[in-house]
Amino acid sequence: MAESLASAAVENVTNQATEYASPYLRCFFCYGQIVQDFKDRRKELKLRKQRVKIRVDEATRQNEVIYEDVEDWLRRAEKELEETQNLQDEIDRIKRFKWCPQWGWRYCLSKKLAEKTPIISELLEKTSNFAQVGYRGSLQGIEFIASTDFMVSKSSKSALNQIMEAIKVVNMIGLHGMPGVGKTTLAKEVGKHAREQNLFDKVVMFTMSQNPNIRTIQDKVAEMFGLNFQTNTEEGRAEELFRSMQRVNKILVIVDDLWEEFRLESIGIPFGDEHKGCKILLTTRHQQVCTKMNCQKEIQLSILSEYEAWVLFRDKAGLDDCSSLNDVAKEVAGECKGLPLAIVTVAKALKGESLDGWKAANQRFKDSRHLDNEEVLGGVLKPLKLSYDYLNKGNNQMTGNDIQMCFLLCSFFPEDYEILIEILIMCGIGVGLFPNASSIEDKRNEIAVALKKLQKFGLLLKTDGAGTIRMHDVVRDFAHWQISTGENRFMVKDRLKEWPDMIESFECCTAIALWNCR
């Protein structure tokens, strides 16, 4: 019995001693194998990191959100590769000079390599879980990334402060003001401030316009929330969007350019008792729309003061305090009635003109006093008419008319539509613009130059998408007014269910557009 116990004790001590001594013995006698294992694992980690980084870069270009564990793995892999570089350098130096190190030094290096190899192996094993490195996140809304057009005036500053305070305590806010006064720009500034101050989990903005396209609006809002619709009907999509938005605690919805009372539930926007964390800011030309929408706070955006209008006009026209043009320029600026849209378009149209050119423009304003009685467009009609007439400036009559026709063609498209320049070029060729151009390519170039001039005059807006332009809704209204008073006739119909019974009237039309017709 005693012998048995003694034997077991000796065996146990021997096993423990062997287990304890084994790693140390391995570092002495398996140096070559340890070095090779380390080099193989480290090389594999380097290649694996490159492949994961390529996938991450591609996912980032596709606007995907990278998973946190993937980013953490890349950081750890980079750290291990950096920390083990000196060990790799030491191995390479020994191999290059065929130097046989002392046993003590050899043991220390072998021990370090043996400690690092399992860490690298663990990192390699984790990449097997990376079937995907990222996911399609909801968009943030490019409207709020940069709002450089916002001009701080007494009225806009007051309105901005009122809105920022109101969204903390009420659910429905109405911003109203004249066409061209800057409601959309201010609304974007509100969205930018709300995002920067982290007041909401989501900020989304869409335009209603006179003839809202519900499906297009639903698509835009759904994209912001990362929602893929499973149903096809407007009602089904509205319910899906409704449920998706209810799962987000705090939302600011900016409804731009609302023309009449509208049930936001038909789009899928929850608010009030359905979602107390959803706040609505709507903009409209008409104060009564705010009342009909039961806005708890109504805010009016007023025109610029005389001084503010002059500062903006002078900046856009490229004038300084000492310019000899200032006296007549101030008169022209006064004709813009403090409306930012009018100020910007006129100032851009006259930028670089001589004193005689400025005087001629001022006289044009005086000669168009009869337009003051026009109810359409309020105070922006005369300034836009001046900018439109100035499209002939510096061109022969035929070219000037073609540029004007190109402008009118842009109003052919739905309100707030991002117009593909290629489609516009095809329309321009179709109506015979620039007949003196000798080839299709020459016509294309002429129309492209015309579009750039329209942008320079402020009559067309750049968009965030490549190859597209947009027309401000007020400028579009002016274009329609100009068409109604000129010799060109356009027919624009939306959502027709059957062919109109007025074939004889088509003969006088320069162009016909049928949108969303089935």
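Every number in this text was worked out from the coordinates using simple rules, so none of it is lab data. Note that the structure is a prediction, hence the values are computed from the model and not measured. Glycine also receives a Cβ, built like all others from the backbone with ideal geometry; neighbour counts cover every protein chain displayed.
Before moving on, here are some points about what is shown:
- Amide H contacts of residue 64 (H built 1.01 Å from N, under 5 Å, at least 5 apart or other chain): none
- Taking Lys and Arg as +1 and Asp and Glu as -1, the other residues whose beta-carbon sits under 10 Å from that of residue 286 total +1.
- Converting phi to 3J(HN,Hα) with the Karplus coefficients 6.51, -1.76 and 1.60 and the offset θ = phi - 60°, region 384-389 yields 5, 5, 5, 4, 5, 5 Hz in sequence order, with x at every glycine or proline.
- Low-density loop positions, trypsin sites (Lys or Arg not before Pro), region 164-266 - DSSP coil, at most 12 other Cβ in 10 Å: 168, 247, 263
- FRET efficiency, 1/(1 + (r/R0)^6) with R0 60 Å, evaluated for residue 233 and residue 360 via beta carbons: 0.55
- Length released on extending from residue 323 to residue 169, taking residue separation times 0.36 nm less the Cα-Cα span: 50.6 nm
- Residue-wise HN-Hα coupling along region 274-284, computed from phi with Karplus coefficients 6.51, -1.76, 1.60 (Hz; x: Gly, Pro): 6, 6, 5, x, 9, 9, 10, 10, 10, 10, 7
- Checked against a 30 Å cut-off, the cross-linked pairs 250/316; 330/452; 292/366; 46/220; 157/462; 220/382 give Cα-Cα distances beyond that limit for 250/316; 292/366; 46/220; 220/382.
- Interchain or long-range residues, amide H under 5 Å from residue 207's placed H: 256
- Taking the charge dipole of region 178-281 about its Cα centre, with +1 at Lys and Arg Cβ atoms and -1 at Asp and Glu Cβ atoms, the residue from 258, 199, 280 reaching farthest to the positive side is 199.
- Under-5 Å amide H pairs with residue 134, H placed in peptide plane, nonlocal only: 67
- For region 297-307, putting each phi into the Karplus relation 6.51 cos²θ - 1.76 cosθ + 1.60 with θ = phi - 60° gives couplings of 9, 10, 10, 9, 9, 8, 6, 6, 5, 4, 5 Hz, in residue order, rounded to whole numbers and with x for Gly and Pro.
- Inter-label distance for residue 198 and residue 210, nm, one decimal - labels placed 7 Å from Cα along Cα-to-Cβ: 4.5 nm
- For region 388-453, GluC sites (Glu not before Pro) meeting the loop criterion (DSSP other than H, G, I, E, B) and having at most 15 other Cβ atoms within 10 Å: 418.
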